Amino acid sequence: MIRTVFIVGPTASGKTEYSIRLAEDLDGQIVSADSMQLYKYLNIGSAKPTKEEMERVPHFMVDCFDPKDAFSVYDYMIHAKYYIEQIYYQAKMPIVCGGTGLYVNSLVYEMDFTAPEGNNDYRERIRMEEDSDPIKLHERLRRLDPKAAEEIHPNNVKRVLRAIERLEKGEGTLARFADAVKPSYTIEPVMIGLNMDREVLYDRINKRVDKLYDMGLEEEVRGLMDMGFTSKDVAMKGIGYKEIIDCITEGKSAEDAKEIIKANTRHYARRQLIWFRRYPQINWVNLSGDGFDEEAYEKIMTIACS
């Protein structure tokens, strides 16, 4: 079993800053668990670690895949476990940092990625009805069973199709994903959740969006559109990208998307907290939200070293 520290929590809570400090103090290296940071070109909107931060501590699963590449939770698990093993074999401390719940799930639990048997013709009809669009398929699943949609990533099209089929054929709800999984056979997780007062978190989110705009988020999105990326690309569904693309294609100013991005990010942070609170083994650390919280960091260190 590879002892691995997880730094998780809502967006804008300071996960990157605390994980880098922890990695420096414990001679560790970081594996990202962020579904947007793994894509190339998506630099500002995904709030990737800066060049200076990645020079301080090696990061993996950051800036390594093309946004048009099909990338599933299974793909993430395979790559992330490989890097965790490599970090461990170098006698370093593996630290997983991020807020994408399904990615964390794939490392903490043994997940079954196989699609159960079903009616292939029925599933193909579902696919055609939704133009083979993973996002449309996932929205169809969400309308049938919102909780099931939270458990299955849009990129896992096989499982989405099978879930829709089962629900449309009479199953009221699907069993919760976490109830059907077993602890990882290879990773011993030490889970640390970062949290703070909700109003403080929401204020940090609002200021962060303002900062992303100042850094050139609109220009980044326009550049991606010039490269041929559209809102149909799964990577472009990320918060900050989709809203600006929609405004631009509708003939509006990208500035019009700012408040929508803030609201969507706040909603996403709330969903992240709901997700991570279901882990019985998580250790929550409350942050003041006012700069780097040294007292909270001491608690993080204590948990990580226990």
Is it fair to say Met227 is surrounded by fewer than 20 Cβ atoms within 10 Å (Cβ to Cβ), closer than 26 Å to Lys40 by Cα, in contact (Cβ under 8 Å) with a residue 40 or more places away in the chain and over 20 Å from the mean Cα position of the chain (by Cα)? yes
Give the residues of region 248-263 that are more than 18 Å from Leu42 (Cα to Cα), surrounded by 14 or more Cβ atoms within 10 Å (Cβ to Cβ) and over 21 Å from the mean Cα position of the chain (by Cα), sorted by residue number. Asp256
What are the residue pairs meeting all of these: first residue in region 118-142, first residue touching a residue at least 60 places away in the same chain (Cβ under 8 Å), second residue exposed (fewer than 15 other Cβ atoms within 10 Å of the Cβ), Cβ atoms under 8 Å, and 6 or more apart or on different chains? Asp133/Lys232; Ile135/Lys232
Criterion first (open to solvent by less than 70 Å² (accessible area, probe 1.4 Å), in contact with a Gly (Cβ under 6 Å, 6 or more places away or on another chain), under 30 Å from Phe292 (Cα atoms) and assigned to a helix (DSSP H, G or I)) does Val209 satisfy it? no
If Asp233 meets every condition in (1) over 29 Å from Val73 (Cα atoms); (2) open to solvent by less than 70 Å² (accessible area, probe 1.4 Å) apart from one, which number is that one? (1)
Report yes if some residue within region 183-205 is within 21 Å of Gln272 (Cα to Cα) and part of a loop (DSSP other than H, G, I, E, B); otherwise report no. yes
So, first residue in contact (Cβ under 8 Å) with a residue 40 or more places away in the chain in region 1-18, second residue assigned to a loop (DSSP other than H, G, I, E, B), Cβ within less than 6 Å, six or more apart or across chains; the pairs are Thr11/Gly99; Lys15/Gly9; Thr16/Pro49
If you go through Asn155, Asn120, the only one that is over 30 Å from Phe292 (Cβ atoms) and open to solvent by 90 Å² or more (accessible area, probe 1.4 Å) is Asn120
Could you check region 17-54 and list, in sequence order, the residues that are more than 24 Å from Cys305 (Cβ to Cβ), β-branched (Val, Ile, Thr) and under 16 Å from the mean Cα position of the chain (by Cα)? Ile44
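The values are calculated or read from the model by the stated rules, or taken from the named source; none is laboratory data. Since the structure is predicted, the reported quantities are computational estimates derived from the model, not experimental observations. Positions of Cβ are backbone-derived with ideal geometry, glycine not excepted, and every protein chain shown enters the neighbour counts. Ligands, DNA and RNA are excluded from the accessible area calculation, which covers all protein heavy atoms including side chains. Shrake-Rupley method; radii C 1.70, N 1.55, O 1.52, S 1.80 Å.
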